[in-house]
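Written below as structure tokens is the structure these notes are about.
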Amino acid sequence: MSRVGIIGGGAAGMMAAIAAAENGHEVYLFEKNEKLGKKLFITGKGRCNVTNASDPDTVFQNVVTNPKFLYSAFYLFSNTAVMEFLEKNGVRLKTERGNRVFPASDKSSDVIRGLERALQRAGVRIFLNTEIKKPVPQKDGSFTLFMANGSKISVDRLILTTGGRSYESTGSTGDGYRFAEAMGHTVVKTRQALVPLTVKENYAAELMGLSLKNVSVTMTQGNRKLYEGFGEMLFTHFGVSGPLILSGSSYSAKWLEKGEVLLSIDLKPALTEEQLEQRILREFEQAPNKMILHVWGSLLPRKMVPVFLEYCGITGEKKVNSITREERRTLIRGLKAFRLTVTGTRGFQESIITQGGISVKEVNPATMESRLVPGLYFAGEVLDIDALTGGYNLQIAWSTGYLAGISIE
């Protein structure tokens, strides 16, 4: 039996603690906040999208960075295993659109309570309001944990589950990266992911609050296509957000460091240019003497019409019967490719997750143990592995946390 220290009481840390304790170890879980699962509490707008019930192929397709690293962890503790674990611990679940799994109560607090019950049953010793300032490996293979209050404790094995840098108010302040670097590990550059994007054009701000559904977006830099997706997006005072944009940010963030990215929105993906032309001609024939501003409402949300016409360089007061063929072509091209220039991302405080982290090349994917420091393990967002929205990032936390916990000898 080993004495196991776990730094970070989030999803990965709690799961690692439960797994290690149920495997017969003496487990100490250290959390610098006043309660466990502080970030878990706010995920999914407080509803907590605990996992995704899709098949394994779909799960891995939604992992953006280093999906192959996750194979061992996922197949050992899959989405099905997570759901069974939570149900067994009193958390009733439901599956919604896109196979997203939530607690039936829509309360993240129920998930945290279920985990706390499992921690208590397993005999995990929990230390709240306890900040670890520095873990130091010893020559005998143990680790000395130096605490902010001046005390210290020795453990045989150490698991770092300190999270990333997103939502710093929950305690994700990059401690794990500093700890890992001090012990010789490489930290891949961290950046915001699943984050709203800023744009150059001022017409995004004019559309603030407008949500577009069933649109396609493409993000490119030069000739390189970075992302393509279909779904819902939102205009904001600084640029764009919403599910489509958050996903796109995970693929474009590193390219934005090199320069601007072109965002092209297909406002009518279900229609070809020819079909759009026929529809526009029908609209025009029915109201030839009306101003174009007043006959465009069936094609676009009302708030978008004046902005769109300005984008196309056509005055809204122009009569329909005086619209030229070339102007009609311009309108069609605008509907199929409404373009914005993405200049950057919002900060870590608005970023759902962190991209980058401890290099997975230095971690054994079959155990989550460091290849450089025996007895040191990693799990969760502190690793250079991230996924899209939909419950996939929490699945990474559960799977890697469980694997780290049961791998300890």
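Residues in the range 202-234 that are closer than 19 Å to Y311 by Cβ and small (G, A, S): A204, A205, G209, S211, S216. For the subset of the range 127-178 comprising residues that are hydroxyl-bearing (S, T, Y) and within 13 Å of V382 (Cα to Cα), which member is surrounded by the fewest Cβ atoms within 10 Å (Cβ to Cβ)? Looking at the filtered set, the residue picked out is T173.
Being crowded, with 21+ Cβ neighbours inside 10 Å and assigned to a strand (DSSP E or B) is a property that V240 has. Within the range 11-44, if we keep just the residues that are charged (D, E, K, R) and under 25 Å from T80 (Cβ atoms), the residue that is surrounded by the fewest Cβ atoms within 10 Å (Cβ to Cβ) turns out to be E22. Is it fair to say K152 is out of contact with any helix residue (DSSP H, G or I) (no Cβ under 6 Å at 6 or more places or on another chain), more than 30 Å from F308 (Cβ to Cβ) and touching a residue at least 24 places away in the same chain (Cβ under 8 Å)? So K152 fails the test.
Considered as a group, the residues in the range 112-148 that are aliphatic (A, V, I, L, M) and in a strand (DSSP E or B) include one that is farthest from G9 (Cα to Cα), and that residue is V136. Among residues of the range 203-237 being at pLDDT 95 or above and of a type in the set (F, W, Y), the one that is farthest from the chain's Cα centre (by Cα) is F235.
Within the range 210-232, residues that are loosely packed, with under 13 Cβ neighbours inside 10 Å reach partners that are part of a strand (DSSP E or B) and among the charged types (D, E, K, R) with beta carbons closer than 6 Å, at six or more positions or on different chains, in the pairs K213/E232.
Looking only at the range 77-106, how many residues end up being modelled with pLDDT of 95 or more and outside any strand (DSSP E or B)? Selection size over the range 77-106: 20. For the range 303-351, a residue qualifies if it is of a type in the set (A, V, I, L, M) and over 30 Å from K39 (Cα atoms), and the qualifying residues are M304, V305, V307, L309, I314, V320, I323, L331, I332, L335, A337, L340.
Among the residues of the range 208-234, which ones are hydrophobic (A, V, I, L, M, F, W, C) and either out of contact with any Gly (no Cβ under 7 Å at 6 or more places or on another chain) or not assigned by TED's automatic domain parsing to the domain that holds A337 (or both)? If the condition is that a residue be hydrophobic (A, V, I, L, M, F, W, C) and either out of contact with any Gly (no Cβ under 7 Å at 6 or more places or on another chain) or not assigned by TED's automatic domain parsing to the domain that holds A337 (or both), then M208, L210, L212, V215, L226, F230 are the ones that fit. Within the bounds of the range 336-353, is there any residue that is under 19 Å from T51 (Cα atoms), modelled with pLDDT under 95 and touching a Gly at 6+ places or on another chain (Cβ under 8 Å)? Yes, the range 336-353 contains a residue that is under 19 Å from T51 (Cα atoms), modelled with pLDDT under 95 and touching a Gly at 6+ places or on another chain (Cβ under 8 Å). Checked against the criterion of being assigned by TED's automatic domain parsing to the domain that holds V363, closer than 18 Å to Y402 by Cα and of a type in the set (D, E, K, R), the candidates K38, K68, K45 yield just one match: K68.
Can you run down the residue pairs with Cβ atoms below 6 Å, 6 or more apart or on separate chains, where the first is in the range 54-65 and small (G, A, S) and the partner is modelled with pLDDT of 95 or more and part of a helix (DSSP H, G or I)? Hits for this filter: S54/N99.
The values are calculated or read from the model by the stated rules, or taken from the named source; none is laboratory data. Note that the structure is a prediction, hence the values are computed from the model and not measured. FYI the Cβ positions are ideal-geometry reconstructions off the backbone, even for glycines, and counts take in every protein chain you see.
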